[in-house]
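We did not get these values from a lab; they are worked out from the coordinates using the rules stated. Model, not experiment: these values are computed from the prediction. Here the Cβ positions follow ideal geometry from the backbone for every residue, glycine too, while neighbour counts run over all protein chains shown.
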């Protein structure tokens, strides 16, 4: 995988890039690119995972699960609306950026696969997101602290639901166990990126805006190990980590997702809804 140069604070937030065609507006905090860049990361994570979960609508194993996944998707897209709204114009940031402008982690853009893989992905991400938002409630940034205080309650449910399903699937039939193990094998390589700290995060932590994920990595891994142990599943061996999402380097899957998500606003840019 080709390495990309680190992005400087002055150009990390793609919300600041004013294109010749006026594709999207400058953020309200253009004078603070570190804050805007950090908000974009959080907002993009929620937006992309919300879009992924929405793909289950009408396809989940049962009506109850269908509704649960749809509600989780709505929670995440609601979070994204607030976070991207703090970074700039939320609609423009969601629908008028190109794939290389997104700053989400690789984990959330991965295809749903089967239901077991979706639940594994949700467990790995929601556990991290919940621990992060717990700490962001104490952010010096009042807007971010307020968003985190609301979101942490939603994400607690996401985390609990995913854990229950991983335990149920891992400790279920031979097929459900194998599918869950396959999901772990697919998703595990994306976990290290959740705890990657680059210059932008270092500056956001120093400013009291962000939480340092390294401070709760041990707690995270212990919690994942606990859930997998209850499911009768082994903790996967560490793999070569997949990094780069925070710098705009993504898998091909994100491009396909955005082609669907952004189709209407790009096809009818002047439409009023």
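With N set to the number of residues, divide the alpha-carbon radius of gyration of the stretch 149-269 by 2.2 N^0.38 Å and report two decimals.
Working: Rg = 17.8 Å, N = 121, 2.2 N^0.38 = 13.6 Å.
Rounded to two decimals, the normalised Rg is 1.31.
Roughly how many nanometres apart are two label points built 7 Å out from the Cα toward the Cβ at residue 237 and residue 207?
4.2
So, R0 is 45 Å and r is the distance between the beta-carbons of residue 137 and residue 92; what FRET efficiency does that work out to, to 0.05? Write out the running numbers ahead of the final one.
On the way: r = 28 Å, r/R0 = 0.62.
Step by step, r from the Cβ atoms, then E = 0.95.
Relative to the first principal axis of the alpha-carbon coordinates of the chain, what is the inclination of helix 115-136, with its axis defined by its Cα atoms, in degrees from 0 to 90 and to the nearest 10?
Orientation of helix 115-136: about 50 degrees from the principal axis.
Under a point spin-label approximation (7 Å from Cα along Cα-to-Cβ), what is the residue 186-residue 67 distance to one decimal in nm?
Taking the simple label geometry, residue 186 and residue 67 are separated by 2.7 nm.
Please report the relative contact order for the stretch 14-266, taking Cα pairs under 8 Å with a sequence separation of at least 6, and give it as a percent rounded to a whole number. Could you put the intermediate results ahead of the total?
Numbers: 382 pairs, mean separation 59.9, N = 253.
Value for the stretch 14-266: 24 percent.
Tell me which label goes with the value of Rg/Rh (Cα atoms, Kirkwood Rh) computed from the coordinates here: [x] 0.96; [y] 1.04; [z] 0.99.
Among [x] 0.96; [y] 1.04; [z] 0.99, the one calculated here is [x].
Compare 228, 67, 47 in a GNM of the chain, Cα atoms joined below 10 Å, and give the one with the largest fluctuation.
Most flexible of the set in this elastic network: 67.
Measuring from centroid to centroid over Cα atoms, what is the spacing of the stretch 111-131 and the stretch 218-273 in Å?
The two parts, judged by their Cα centres, are 9 Å apart.
May I ask you to order 75-87, 135-147, 115-127 by the average number of other C-beta atoms within 10 Å around their residues, highest value first? Don't skip to the end; give the middle numbers.
Working: 75-87: 22.2, 135-147: 16.9, 115-127: 24.3.
Per-residue mean Cβ counts within 10 Å order the peptides as 115-127, 75-87, 135-147.
Helix 217-230 versus the longest principal axis of the chain: what angle, 0 to 90°, nearest 10, using Cα atoms?
30
Using only helices, what value at 222 nm comes out for the chain when you add -39,500 (n - 2.57) per DSSP H run of length 4 or more and divide by the total residues, to the nearest 500 deg cm²/dmol? Walk me through the numbers on the way to the answer.
Values: 12 runs with 163 residues, N = 273.
Result for the chain: -19000 deg cm²/dmol, rounded to the nearest 500.
Between residue 266 and residue 57, with labels modelled 7 Å along Cα→Cβ, what's the label distance in nm to one decimal, could you check?
So the label points at residue 266 and residue 57 sit 2.0 nm apart.
Determine, from the Cβ-Cβ distance of residue 214 and residue 249 and an R0 of 22 Å, the FRET efficiency 1/(1 + (r/R0)^6), rounded to the nearest 0.05. Write down the numbers at each step before the final one.
On the way: r = 22 Å, r/R0 = 0.98.
In this case the efficiency is close to 0.55.
Only Cα pairs under 8 Å and at least 6 apart count here; give the relative contact order of the stretch 146-263 as a rounded whole percent.
Working: 70 pairs, mean separation 35.9, N = 118.
In percent, rounded to a whole number, it is 30.
What does the extension gain come out to for residue 164 and residue 195, with contour length at 0.36 nm per residue minus their alpha carbon separation? Spell out each step's value before the answer.
On the way: separation 31, 0.36 × 31 = 11.16 nm, distance 2.42 nm.
Using 0.36 nm per residue and subtracting the Cα-Cα distance, I get 8.7 nm.
Which angle between 0 and 90 degrees, to the nearest 10, do you get for helix 252-261 versus the longest principal axis of the chain when only C-alpha atoms count?
Taking the Cα atoms of the chain, the angle to 252-261 is about 70 degrees.
Ranked from highest to lowest mean number of other Cβ atoms within 10 Å per residue, what is the order of the peptides 163-169, 247-253? Walk me through the numbers on the way to the answer.
Working: 163-169: 20.4, 247-253: 16.0.
Per-residue mean Cβ counts within 10 Å order the peptides as 163-169, 247-253.
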